[in-house]
Amino acid sequence: MVKVLMEQIKIAAGIVTYNSDTERLEENIKSIINQVETVIISDNASSNIGELEALADRYHIKLIRNNSNRGIACGLNQCIECARQEGYDWIITLDQDSICPANIIVASMKHLVIKEVAMVVPLIRESNSGEVCLLGEDINGKEWQEVRKCITSAAVTNIHAWEKVRGFDEYLFIDYVDYDFAMKVRLNHYKIIRMNNVILDHQIGDSKLKTIFHYKIRVANHPAFRKYYIARNMIIYMKRYGRYLDLAQETLRMIKVFLLIILYENNKTSKLRAYVCGVRDGIAYRNHGS
């Protein structure tokens with residue numbers, strides 16, 4: 001049955017890069033290239049573009065070169081639009097440092113034939129800490145389950161659903177791009193399916209686990225510019241979808257990020273300044289949709 005589906009359903013892969021570690025990126029490519037029909041890379045003006053071009057030539061990958069850093073959302077849209085033009089109905093989107101399990105496409109197949117499915121995603125394991133990131137959705141003991149949100153890395157995405165919701169919001173640039181897209185597809189009556197028996201090795205910042213009163217908390221250690229987008233886009237996300245969210249929980253999440261910078265992260269001054277600027281611009285944002 002799976003073999004028949006794989007002959008009928010052609011899947012592309014899209015990777016967005018920016019100053020990537022080329023050794024890690026090559027591992028990424030090797031992990032997916034034999035599972036899909038084609039691989040597309042969108043690069044955001046990397047300083048090591050020569051190394052990237054050599055990789056693309058070696059593995060016969062289509063490379064989209066941007067003249068500036070246009071963000072993860074733009075890169076994802078470029079990869080998916082390219083796949084759409086080449087006649088693909090599905091694409092697996094990948095961060096540059098994610099290493100796919102060997103069974104991710106085979107395991108996804110049985111879900112892709114379900115009309116209302118927009119995304120099929122794996123469990124996420126943070127490669128530095130070994131923590132499984134459930135994104136608020138505990139495992140229900142089943143092989144798969146419907147979930148409310150996911151990250152874009154290793155998400156097998158329905159290109160028709162992407163078109164219907166007008167793609168990823170490029171204004172968001174990087175953080176909350178995935179949560180915003182997940183909310184849009186769900187509000188358009190699509191489903192997100194998480195496979196609980198497929199695990200993606202994924203690197204989140206310079207992540208470390210800290211223990212506070214016997215609780216383990218992940219400290220992401222993102223650079224300062226990411227703190228700006230995290231703060232700004234969390235507020236935008238709440239403004240857009242407040243009626244569907246637990247706003248108290250979202251606000252506590254913002255406070256938690258702020259406190260973790262103070263308590264555990266390096267370069268505190270620059271990160272706190274960026275975070276406060278993000279809060280200011282998020283408050284000033286006027287909801288225009290996405």
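The values are calculated or read from the model by the stated rules, or taken from the named source; none is laboratory data. Everything numeric here is computed off the predicted structure, so don't read it as measured data. Glycine also receives a Cβ, built like all others from the backbone with ideal geometry; neighbour counts cover every protein chain displayed. Remember, those area values only see protein heavy atoms, side chains included, never the ligands or the DNA or RNA. Shrake-Rupley method; radii C 1.70, N 1.55, O 1.52, S 1.80 Å.
The figures follow:
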{"read-out": "Among Gln96, Gln145, Gln203, residue whose mean-square fluctuation peaks in a GNM of the chain (springs only between Cα atoms under 10 Å)", "value": "Gln145"}
{"read-out": "Per-residue SASA entry for Tyr229, accessible area with 1.4 Å probe, Å² rounded to 10", "value": "40 Å²"}
{"read-out": "The chain, accessible surface, carbon-and-sulfur percent (1.4 angstrom probe)", "value": "51 percent"}
{"read-out": "Rounded accessible area of Phe173 (nearest 10 Å², 1.4 Å probe)", "value": "40 Å²"}
{"read-out": "Distribution of pairwise C-alpha distances over the chain, 10 Å bins, in %", "value": "6, 28, 37, 23, 6, 0"}
{"read-out": "Cβ-based charge dipole, the chain, positive-most Cα from Gln78, Val198, Asn188", "value": "Asn188"}
{"read-out": "Magnitude of the charge dipole, the range 1-93, Cβ model with Lys/Arg +1 and Asp/Glu -1, debye to 20", "value": "200 debye"}
{"read-out": "Cα-projected label distance for Asn67 with Glu26, points at 7 Å along beta-carbon direction, nm", "value": "3.2 nm"}
{"read-out": "Of Lys191/Lys239; Lys30/Lys184; Lys142/Lys191; Lys115/Lys184; Lys10/Lys227, those spanning more than 27 Å from alpha-carbon to alpha-carbon", "value": "Lys30/Lys184; Lys10/Lys227"}
{"read-out": "MRE, 222 nm, helices only [DSSP H, n ≥ 4, -39500 (n - 2.57), over the chain, to nearest 500]", "value": "-13500 deg cm²/dmol"}
{"read-out": "Approximate spin-label separation Leu259-Asn140, in nm, with each point projected 7 Å along Cα-to-Cβ", "value": "3.2 nm"}
